[in-house]
1. Quick one: putting +1 on the C-beta of Lys and Arg, -1 on the C-beta of Asp and Glu, what dipole do you get for the chain around its Cα centre, in Debye to the nearest 20?
2. Just to verify a number: what accessible area does Met140 come out at with the full protein assembly present, 1.4 Å probe, Å² rounded to tens?
3. Spin-label point model (7 Å from Cα, Cβ direction): what's the Glu263 to Glu18 distance in nm?
4. Using the heavy atoms of the protein chains alone and a 1.4 angstrom probe, what is the accessible area of the chain per residue in square angstrom?
5. So, by mean Cβ neighbours within 10 angstrom, what's the order for 10-20, 57-67 with the highest one leading?
6. Obtain the nm distance between the two label points defined at Leu334 and Lys137 by a simple spin-label model: each point lies 7 Å from its Cα along the Cα-to-C-beta direction.
7. Students sometimes get this wrong: rank Ser70, Ser297 by accessible area, probe 1.4 Å, all chains present, largest first.
8. At a 1.4 Å probe radius, which order do Arg204, Arg257 fall into by accessible area, largest first?
Amino acid sequence: MDSDLKSAKSAYQNAKAEGNHREEARWANVIGDILKNRGEYVKALKWIRIDYDVSRKHLPEKHLLTTCQSLGEIYLRLERFDEALTFQKRHLDLARDADDLVEQQRATTQLGRTYFELFSRSEHDHNSIRNAKKYFKSAMDLAANLKENPPNSKSSFLKEYIDAYNNIGMLELEIDNLHEAQKILTRGLEICDEEEISEYDDGRSRLHHNLGNVYMELRMWNEARKNIKKDIQICHKIGHCQGEAKGYINLGEMHYRTQKYDEARSFYEKALALAKSLEDEDALVRQINQNINIVKSAVEVMDEIKREEQKLKKLKRDIVSARGTLNERKCLLLQNGSLEILVEKARTISAWEKFIIVNACACGAKAALDFQ
């Protein structure tokens, strides 16, 4: 047990023994936050629930703001979306009742993220995408307001403002508005530069992460690689293990799409090692294992493509030899079948350059066959 966690548990026990419910709840929340940051979400949930129960039974309602926010975040990380939404909406209601713009901004951001996750799992969930847009837009407006009119001298709300750009850019990426996403995320990085945000800031890492995805979809491989590596570099520097793992997943995906399967698998395995070091990142581990299996299958398909290409070369030689003879049509039929196999195999592994070339050849071969 590290010293921070040990100290927090000691403080919690002292507060509980003294009957100091305010401190008992506060330290339970601190313990939960420490465990959450270590990726131990199930253990974190236990402590945040203690905070919630103590606050609900013994403290004024305003004390539930922090614990509802924490519960919403933990349930989101555990992918228990209905429970996440319940506490996030409760958080927002409490914040509105208290006329607390800071907590309203936090609550709308979390609600946007939960609805975004729901939409990303089902692209036909139009209700979730509408809600994600609504809450992300509200969070952006609140962050801009708080940035211009901070509630105190210690809070600039610059970080929240930059994160709002990332969230809206991420949403535009998800609905395939790639150039709009690129513009919004790039503007987020420009604000980081204008405001002299640290080179190793977690907000920058998220912007680079999503820009890497945008450039990957645009097939701008050099820009994708540059942004993904910057994301990994920042996450490694600040000790954000989950973010670093997701960065390596992106790097693996980029190499998979360019048919560099050995490199893709190597990066996925780096991501897997990082994800396994986090106790409750089961969903991330499953995703990475699935990606590794996809790479293995792609390698097998690519081997089949190479064998079929050798077969096709022989068929082309046979066609030259058979030209003008009764055997020519049979050779053309075999060539057409071989090309159709290559088209389908290239399509299944998204080898689009090869797909385009082979598909064009297949169309030409079919035209030649029809001419016969």
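The values are calculated or read from the model by the stated rules, or taken from the named source; none is laboratory data. Quantities reported herein were computed from a predicted structural model and do not represent experimental measurements. FYI the Cβ positions are ideal-geometry reconstructions off the backbone, even for glycines, and counts take in every protein chain you see. Heads up: the accessible areas ignore ligands, DNA and RNA and are worked out on the full protein's heavy atoms, side chains in. Shrake-Rupley method; radii C 1.70, N 1.55, O 1.52, S 1.80 Å.
1. 1340 debye
2. The value for Met140 is about 30 Å².
3. It is 5.9 nm.
4. The answer is 52 Å² per residue.
5. Details: 10-20: 13.8, 57-67: 16.7.
Order by mean packing, descending: 57-67, 10-20.
6. 6.3 nm
7. Ser297, Ser70
8. The most accessible residue leads, giving Arg257, Arg204.
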